[in-house]
Amino acid sequence: MSFTEILFYVFSAVLVVSALGVITARNPVYSALWLVFAFFNSAIIWMLLEAEFLAIILILVYVGAVMVLFLFVVMMLDIKVEELRAGFTRYAWLGLPIALLVIGEIGSVVWVKSQDDKALGLSSVASPAAYAADYSNTKALGQLLYTEYLYPLQLAASILLIAIVAAIVLTMRKRSGQKVQDIGAQISVKAKDRVRIVKVAAVQPETGNTVEGQS
Amino acid sequence: MSANLNFVVAYPEIFVLTAACVILLVDLFVSDRQRIVTFLLTMVSLLAAAFITVQYGVAERVITFHGTYVADPMGTVLKLSTYGATALSLLYSREYLQRRGLFKGEYFVLALFAMLGVMVMISAASLLTIYLGVELLSLSLYGLVAFDRDNGIAAESAMKYFVLGAIASGMLLYGMSMIYGVTGTLELSQIANRIPGIGLNSLGLAFGLAFLVVGVAFKFGAVPFHMWVPDVYHGAPTAVTLFVGSAPKIASFALAMRLLVDGLGGAVEQWRPMLVVLAVLSMAIGNVVAIAQTNIKRMLAYSTISHVGFILLGVLAGTVQGYQAAMFYTLTYVLTAVGSFGVILLLSRQGFESDALDDFKGLAKKSPWFASVMAMLIFSTAGVPPFVGFTAKLAVIQAIIGIGYTWLAGVAVFFSVIGAYYYIRVVKLMYFDAPVDNGPIQAGVALRTVLSANGLAVLALGLLPGLLLDLCARVIS
């Protein structure tokens, strides 16, 4: 067993454990953190598959942006875990056979030995040759995206743009009594608008009376 | 510029995308009272797009962008009709939107992006482009249907549309992945080349094909995948209903042509029976259920379903004659549908939708001219000569008989006769019933003029269908 294989099995085992952690943790914040851990391990497995660009993007985008946002939401919403779990035993009879079926399907694809070339067994597919050490995955992806897939790439960008526009149209409106920042006014403010110096007549110390009283 | 990146043929798409982005930005600097600027800019962009499309139209099929984009004469004609349908629907809806506080710049931006999605589908040469076009169109339409955000019914129908549309996209994508798995390519022309080698008995091909047909049927709104059509037509603001009923229908036709004919034309024997079932069910359910409707938007929704059945009849013929007939049917149907919804918009006022059938009672006394325009449109939809709907139905039925499916032609005629009942009922309400609503028609000169022209066009095309028929025959061969 080569060192790469050992690494693969170690990280896969950790990945499976963390994935189980996501669905078994009672606290949603823990679930989200387990998911971060699972993403991290999958990124390493991608790295082993020589897909370093995807690995880095997974960490940057999913761990760095999406999951952090997710954690914010989880922390801000009051999620009652017990309510979410209420239907578990009720639907288990349906879920269990489906889970077994999927496991069986995956098993049959991975382990079934190919009888002929048309079978889907893993052994029927040759493993790809490793790339040279100076091969750049990022460069290859970039080259494809901006030549062969230029048109689909631009369309995907338009779809994202329209998603933003539609979301803003449907959620933004002027409400009365809203407390908003007026950034222009904040910037153009002068020191004298902020601090008002008020002359207040000095208050006479009342100690004189007590002194008098004491004497 | 390499030979594989021929930007010239894609000038229309590039222009519309740029124009939509510019309008999005310009709109930010326009105050609510000058919002008409955005509207005018959109109209000018449509006109310019039409000019560019004609100027850079191709005489022969050109595939570019590494096999993801195709330009051909059929695409040019379909794109021009898409601009026309979009321009008409925006023109008809302007006053409606203004009266309901929906006259915002984003409306036009969403409409332009939806139109861009239609154009992408029209010019799709690969499964990837088709899918992106479908998504671009659908996302913009979801946004438009929910545009009247404080209206509960509109929000509900947008939600339904969104969920069912997502299922449809899933089906389409699943079918595409099967086809890709079997043929090993995303390019439609390559798929067409490889199908004979794979053989029609391939399980993967049949599986993928079935899912693709389901996806196409969902987008068309063919029975049994029609559930979203009545709800969306009824729930959306009438202006949006008008838009949903116009340009996207051209897109559905293009989707079927590209996917089933360009890509899987070799498997016509496989998808023909599926389309026969879809077409017969659509004509049956559409025409029969429409009779029970009291809301004219809902009635027109079911009428759309039955017309989709007719378009599918033309496609399933699998002959050049059939495709030509289907294209003619689609274009004329869009023209008629735009007009019918235009009349509803014409009659609507502040706080009055005019979408119940009873609102049309006695229209002939209130406005004889627009009653006759509506009558022309309705007669054309029903397929009564000399209006264009008759010519379209005739062309489709001829194509069907051409491949020896006489029984299917009989079914089509039978359900058309059933459909005539509820169409003619509208005419009866307009001419023979006493008016219920006595409010005046408030529409401006532009809407009145264009709508009148729309109604007359349906008559003119019916009397002289040769021009458009020739055009369809020239671009599909």
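The values are calculated or read from the model by the stated rules, or taken from the named source; none is laboratory data. Worth saying up front: this structure is predicted, and the values here are computed from it rather than measured. Cβ: placed from backbone, ideal geometry, glycine included. Neighbour counts: every protein chain shown. Side chains are part of the model used for accessible areas, which takes the heavy atoms of the whole protein and leaves out ligands, DNA and RNA. Shrake-Rupley method; radii C 1.70, N 1.55, O 1.52, S 1.80 Å.
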Next on the checklist: Relative contact order for chain B: what percent, with Cα pairs under 8 Å and sequence separation of 6 or more?
Outcome noted: 14 percent
Checklist entry - Got a number for carbon plus sulfur as a percent of chain B's accessible area, 1.4 Å probe? => result 68 percent
Checklist outcome for this item: Candidates A:25, A:166, A:201; GNM for chain A (alpha-carbon contacts under 10 Å) flags as most fluctuating A:201
Item to check | Taking chain A and dividing mean pair separation by its residue count, relative contact order in percent (alpha carbons under 8 Å, at least six apart) | outcome: 11 percent
Next on the checklist: Straight-line reach only, C-alpha to C-alpha below 20 angstrom: list the aspartates and glutamates that residue B:160 could link to, leaving out same-chain residues fewer than 8 apart.
Outcome noted: B:135, B:148, B:150, B:231
Item to check | Cβ-based net charge around residue B:432, under 15 Å, with every Lys or Arg adding one and every Asp or Glu removing one | outcome: +3
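For the protein assembly as shown, rounded, prolate or oblate, judged on the Cα gyration tensor with a ≥ b ≥ c (square roots of eigenvalues), a/c < 1.5 rounded, else prolate if a/b > b/c?
oblate
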Item to check | Listed residues B:104, B:297 arranged by accessible area, highest first, probe 1.4 Å | outcome: B:104, B:297
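Given an 8 Å cut-off on Cα distances and at least 6 residues of separation, report the relative contact order of region A:1-80 as a percent.
Relative contact order for region A:1-80 comes out at 28 percent.
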Checklist entry - Where is the GNM fluctuation largest for chain A (alpha-carbon springs, 10 angstrom cutoff): A:12, A:42, A:176? => result A:176
Checklist entry - How much accessible area is lost when chains B and A come together, counting both sides, with a 1.4 Å probe, in Å² rounded to the nearest 100? => result 2100 Å²
Next on the checklist: With the cut-off at 1.5 for a/c, could you classify chain B from its C-alpha gyration tensor as rounded, prolate or oblate?
Outcome noted: oblate
Checklist entry - Out of A:192, A:179, A:139, any idea which swings most in a Gaussian network model of chain A, alpha carbons joined below 10 Å? => result A:192
Checklist entry - region B:39-74: which residues show an accessible-area loss of 50 Å² or more, assembly versus chain alone, 1.4 Å probe? => result B:66
Checklist outcome for this item: Within the under-12-Å Cβ sphere about residue B:151, not counting residue B:151, Lys/Arg +1 and Asp/Glu -1 give a net charge of -2
Checklist outcome for this item: Taking a probe of 1.4 Å and leaving out DNA, RNA and ligands, the protein assembly as shown shows per residue an accessible area in Å² of 49 Å²
Next on the checklist: For a test of the definition: using alpha carbon positions, the gyration tensor, and the 1.5 limit on a/c, classify chain A as rounded, prolate or oblate.
Outcome noted: prolate
Checklist entry - Summing Lys, Arg as +1 and Asp, Glu as -1, what charge do residues with Cβ under 11 Å from the Cβ of residue B:232 carry, residue B:232 excluded? => result +1
Next on the checklist: Only four residue types carry charge here, +1 at the Cβ of Lys and Arg and -1 at the Cβ of Asp and Glu. Report the dipole size of region B:7-476 about the Cα centre in Debye, rounded to the nearest 20.
Outcome noted: 580 debye
